[in-house]
Structures are given as structure tokens and as C-alpha cells.
Amino acid sequence: MNDGHSLVETPELAALHRRLAEYSLGGHWQSREKNPELVAHVWPWSVIYSCLMESGDVVKLGGIDDAAKRRTVQLVNPSLTNKKATSRTLQMSIQLVKAGERAECHRHTAAALRFVVEADGTAYTNVEGEQMLMEPGDLVLTPNWTWHDHFNPGDKNVVWLDVLDIHLSNHLDAVFQENYGEGPAQPIVKSDGYCKQRLSAIRPRVKNASNAALPYTYKWRDTLRALQDIDGAGGNDPHDGVLLEYVHPLTGGPTMPTIGCWVQWLRPGETTKPHRHTSSTIYHVVEGEGITTVSPKKTAGKELGWRSRDCFFVPSWNWHQFQNTSKKDPAIIFSVTDRPVLESLGLFREEA
Ligand code: 1HN
């Protein structure tokens, strides 16, 4: 860290700097390269979607030669093009599995989740042997090191968002990955809803519940009902509207240790108050239209205009506020954040 002083480089000091460098040492008083400042950004769905459909024409999927293991279009922060990353910790990508296609079984130390955008309920992801059927708005967790494969037996495309903590695990030199090796898919041994049922409020006794994430599906019909009920009961946060966390079903803690998932509801015409906090957030508009004003300083924000299905990014410690520009419809926004990491390390701070 540069302690703020810049020393006058005398010939003696210059000689010391050369000597330090020669032995892979550095002086506390010497400056170092700073992280590039991340920028707020919007990816319009129309652009994402047309690129994804084009990839459906030109990128093959599956276990054949000359095919990709996954067909995803990745959101790249303009400040992180060298890493092809959405944020310093997380990657959001949009995946297409066409009718009859399969994405083969593998597992990795990066934790993952899917948020379903376009589906008719026939396609599924298989996580540790459980067939998790995908309907629009469902959130499906694939905790780290769990086997997973995707299959679309239907006759229409299925499209979802993938979020992984891959840049965090990469930064920590903890990336491992493994192919299943016994064919393209693991067997289905548990039917849809198996884990959710066994982890709900009526369940078999769980011994030694830990913070470790569990394979789990949060169905959109439950999410929507909760948003509507809590909005009806006036459960409104001044900075985020009605803001709900997808909690760990046993501990009530964050969704996964490295990725927190949230959903918020902005009333017609609502404008929230600005605040800022450490942790960066990637948003996906489920429905509605509005503006998020984002600024590293309290003045002159950048206006991110968004509508249904667009994705946008708000960097850490940037002021931000939301405006639902529709006078008659609510806006619903799903988001993912590295906040659980900052909280567990004592690095979360907030200013209103
Ligand atoms: C991955 O394994 C999947 O399993 C999706 O569907 C997106 C992005 C980066 C690295 C691995 C998947 C991914 C990914």
C-alpha cells in the first residue's frame, strides 16, 4: 500500500530501489499498480439474445468433436475485458440449450446457479442425481463440487442465466474441475422437488446443519407470491423497494457462502433513496422498466436505463438508486452479489 507520501528520489534512494527490485523486494513507500475501477454497465437483452441465437447457429454443443461443452454468452465488464469477467468475483452468462441437446455432466469447485428465462418446464438440470425441472423465474443452485448436466427433451429452446463465483475461486487459486467420465449424463435417482421437500419447514431431523450450500430449487410461483404478499403488507425498504433474500433453507443465512441471491419489487412510479455499500451486484430485470442511477461520487450519476430481461452491473461502493418509470406496473429485479463473502470476512460496510 502507498502510505500517501511520495519521496524525492535521491541517487541513494534510486540505488536502493534498484537493489530491492533485484532481490524481489519492495519498499512500503513505493507506489503499486491499483485495481482498475469497475464501471456500471447495462447489457440490453435484445443484444444478448440475438448474439445467443446466432451462437445457436454456429456453435455446436455436446460431446462431439469441434463442439463447446457449454453454449453461453458471457457478460463482460468493460473494465475487465482481459479477464472476460462480469465482476471481480462473479461471472454471469446466458446459456442456450436447443431442443434435444444435452450439456454433459461435470463438476467444479466454482459454485453455480441458474435463473431460468425461457422454458416450458420440460428441460432440466440434474444436480447430484436430482432432476430439477426448469420453469421461467426458477432459481436452481449447483453448489461447489456437485455433479451437474443439463438436458432439453422438449421441442423449444431453453435459456437461462448462469452465475458462478469463478473469478473469486480463480483469484484464490482454487479452481478444479472434473468430467463425469461415465457417459454424458449422471443417472436420475431423485425426482423434481426432492431436496426442496426434505429441506422445508416440515422435514426429517437434520444433524450438524452447516453453511455449506445444498442443491435446491426456489420456484418462481413461491417467489412471486412472497413479493406480492410483502408488498401488500407494506414491507418496503427505502433503498431497494421490497427486497427479499433467497436464504439457505436450514441456516437462514446467505444463498451460498460466495454468492447471495436477492429479488426486489419496485412499485409503479417508485423512486428509492440512494445508498452505497461494499460488494458488487449484477442485476437481471425479470419484468418492468426503469432507471438505476449509479455514481462513484455523490454527484452526477450515470443513468442505466433498463427494461424487461436486461442485465446491469453496479460496482462496489458506488451510490445507486432505482426508479420504476412505469406508472402502472411493478418492476421485478433478480440480483446476485458477492456480499456474503464481504460479510463473512468483516469487509461489508454501508452508507445511506
Ligand atoms: C459452467 O460449467 C456452466 O455447467 C455454465 O452449465 C457456465 C461459465 C463459466 C465456467 C463454467 C454449466 C459456466 C460454466
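The values are calculated or read from the model by the stated rules, or taken from the named source; none is laboratory data. Values in this document were obtained by computation on a predicted structure and should not be read as measured data. Cβ sites come from the backbone with ideal geometry, for glycine too, and all protein chains shown count toward neighbours. Accessible surface areas use protein heavy atoms only, side chains included; no ligands, DNA or RNA. Shrake-Rupley method; radii C 1.70, N 1.55, O 1.52, S 1.80 Å.
Here are the numbers for the structure shown:
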quantity: Flag for Asp310 being closer than 21 Å to Leu80 by Cβ, of a type in the set (Asp, Glu) and modelled with pLDDT of 95 or more; calculated: yes
quantity: Residues (within 16 Å of the ligand (Cβ to nearest atom) and surrounded by 15 or more Cβ atoms within 10 Å (Cβ to Cβ)) located in the range 38-61; calculated: Trp43, Ile48, Leu52, Ser55, Gly56, Val59, Leu61
quantity: Search result, residues across the range 91-131 that are over 18 Å from the mean Cα position of the chain (by Cα) and either outside any strand (DSSP E or B) or at pLDDT below 95 (or both); calculated: Lys98, Ala99, Gly100, Glu101, Ala119, Asp120, Gly121, Thr122, Ala123, Glu128, Gly129
quantity: Pair list, Cβ < 9 Å and 6+ apart or interchain, from the range 238-265 residues that are more than 15 Å from Tyr218 (Cβ to Cβ) to residues that are among the basic types (Lys, Arg); calculated: Pro238/Lys273; His239/Lys273; Gly241/Arg267; Val242/Arg267
quantity: Any hit, the range 215-229, residues being touching a Lys or Arg at 6+ places or on another chain (Cβ under 7 Å), open to solvent by less than 50 Å² (accessible area, probe 1.4 Å), under 16 Å from Met132 (Cβ atoms) and touching a residue at least 60 places away in the same chain (Cβ under 8 Å); calculated: yes
quantity: Condition check for Ala103: touching a helix residue (DSSP H, G or I) at 6+ places or on another chain (Cβ under 6 Å) and within 12 Å of the ligand (Cβ to nearest atom); calculated: no
quantity: Among the candidates Glu37, Glu33, residue that is of a type in the set (Asp, Glu) and in contact (Cβ under 8 Å) with a residue 24 or more places away in the chain; calculated: Glu37
quantity: Output for the range 224-244, where each listed residue is among the polar types (S, T, N, Q) and either in a loop (DSSP other than H, G, I, E, B) or under 22 Å from the mean Cα position of the chain (by Cα) (or both); calculated: Asn236
quantity: Any pair with Cβ under 7 angstrom, 6 or more apart, that starts in the range 177-203 at a residue that is over 19 Å from Val140 (Cβ atoms) and ends at one that is assigned to a loop (DSSP other than H, G, I, E, B) and open to solvent by less than 80 Å² (accessible area, probe 1.4 Å); calculated: Pro184/Gly63
quantity: Pick from the range 71-89, criterion open to solvent by 50 Å² or more (accessible area, probe 1.4 Å) and assigned to a loop (DSSP other than H, G, I, E, B), ranking: nearest to the ligand (Cβ to nearest atom); calculated: Lys84
quantity: Residue count for the range 311-352, restricted to those that are assigned to a loop (DSSP other than H, G, I, E, B), basic (Lys, Arg) and out of contact with any His (no Cβ under 7 Å at 6 or more places or on another chain); calculated: 2
quantity: Residues located in the range 245-281, provided they are under 22 Å from Ser308 (Cβ atoms) and assigned to a loop (DSSP other than H, G, I, E, B); calculated: Tyr246, Arg267, Pro268, Gly269, Glu270, Thr272
quantity: Identity of the residue in the range 107-131, hydroxyl-bearing (Ser, Thr, Tyr) and open to solvent by 20 Å² or more (accessible area, probe 1.4 Å), that ends up farthest from the ligand (Cβ to nearest atom); calculated: Thr122
quantity: Strands (runs of 3 or more DSSP E) fully within the range 132-223 counting 3 or more residues that are within 30 Å of Ser50 (Cβ to Cβ), away from the ligand (no atom under 16 Å from the Cβ) and modelled with pLDDT under 95; calculated: none
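For every residue, the table says whether it meets (1) closer than 23 Å to Trp220 by Cα; (2) open to solvent by 10 Å² or more (accessible area, probe 1.4 Å); (3) touching a strand residue (DSSP E or B) at 6+ places or on another chain (Cβ under 7 Å).
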{"position": "Gly301", "(1), (2), (3)": "no, yes, yes"}
{"position": "Gly305", "(1), (2), (3)": "no, yes, yes"}
{"position": "Cys311", "(1), (2), (3)": "yes, no, yes"}
{"position": "Asn318", "(1), (2), (3)": "no, yes, yes"}
{"position": "Phe322", "(1), (2), (3)": "yes, no, yes"}
{"position": "Ser326", "(1), (2), (3)": "yes, yes, yes"}
{"position": "Asp329", "(1), (2), (3)": "yes, yes, no"}
{"position": "Phe334", "(1), (2), (3)": "yes, no, yes"}
{"position": "Leu345", "(1), (2), (3)": "no, yes, no"}
